[in-house]
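The values are calculated or read from the model by the stated rules, or taken from the named source; none is laboratory data. Every value quoted in this text rests on a predicted model; they were computed, and no experiment measured them. With ideal geometry, Cβ positions are generated from the backbone for all residues, glycine too; neighbour counts draw on all protein chains shown.
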Amino acid sequence: MTEFLHKFACFDCHVAFKRQAIENTSSGSAHQSDSEIVHMCPNCGHRMVFMGRNFATPPKSDSSAWAAAKSLWEAGFRFVGSGYHSDPALPKSKSDVPIFIEQNPKHKQRVGTKQQWKNYA
C-alpha cells in the first residue's frame, strides 16, 4: 500500500518534513485539512504545522517565501488537493499574500482553521 505523507513545517527554523498525518496512512486523502498526529520540529522542539501534500518547501534562505507560507497557513490555506482547480495559485511572496487572502475568501485550498503561529504549541 502507498503511504500518504504530508508536509509539516516549522516557520521558526524554515524547515519542512514529510510525515504521517493520520494513523492509517493507506486511507489518507490529498484533500485533508489538518493532521490527527502532532509532530515536533527536530531542531527547536516547536509543534510543526500541517501544510498538506503539495507544499513546495522554499529554500531556507528565502525569508519572503517562508513569510508567505506562514501568512497563508495562519489564514487557513493548506497546500492540499490534486492541484486541478480553477482558483489562482497560492502566492510565494510575502508582499502578494494580503491582497490574495482578501480576494480569495472561498478559495479551494482555504480548508483549515485560522490560527496564529505564535500561539500554536
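H6 fulfils the conditions (1) surrounded by fewer than 17 Cβ atoms within 10 Å (Cβ to Cβ); (2) modelled with pLDDT under 90 except for a single criterion, (1).
Residues in the range 94-121 that are hydroxyl-bearing (S, T, Y) and under 16 Å from the mean Cα position of the chain (by Cα) were compared, and the one that is surrounded by the fewest Cβ atoms within 10 Å (Cβ to Cβ) is T113.
Pairs meeting the criteria (first residue in the range 54-67 and in contact (Cβ under 8 Å) with a residue 40 or more places away in the chain, second residue of a type in the set (F, W, Y) and in a helix (DSSP H, G or I), beta carbons under 7 Å, at least 6 apart or on different chains) are P58/W66.
Just so you know, in the range 41-67 the residues that are of a type in the set (K, R) and either surrounded by 18 or more Cβ atoms within 10 Å (Cβ to Cβ) or part of a strand (DSSP E or B) (or both) include one that is modelled with the highest pLDDT, and it is R47.
Restricted to the range 77-93, and to residues that are free of Cβ contacts under 8 Å to residues at least 40 places away in the same chain and surrounded by 17 or more Cβ atoms within 10 Å (Cβ to Cβ), which residue is nearest to C10 (Cα to Cα)? Here the residue is F77. If the condition is being part of a loop (DSSP other than H, G, I, E, B), within 10 Å of the chain's Cα centre (by Cα) and of a type outside the set (D, E, K, R), then the range 68-86 contributes G76, F79, V80. Could you please let me know if P98 is assigned to a loop (DSSP other than H, G, I, E, B) and modelled with pLDDT of 90 or more? No. Taken over the range 13-24, the residue count meeting the criterion of being in contact with a helix residue (DSSP H, G or I) (Cβ under 9 Å, 6 or more places away or on another chain) and either loosely packed, with under 15 Cβ neighbours inside 10 Å or among the basic types (K, R) (or both) is 0. Within the range 70-93, being touching a helix residue (DSSP H, G or I) at 6+ places or on another chain (Cβ under 9 Å) and among the aliphatic types (A, V, I, L, M) holds for L72, A75, L90.
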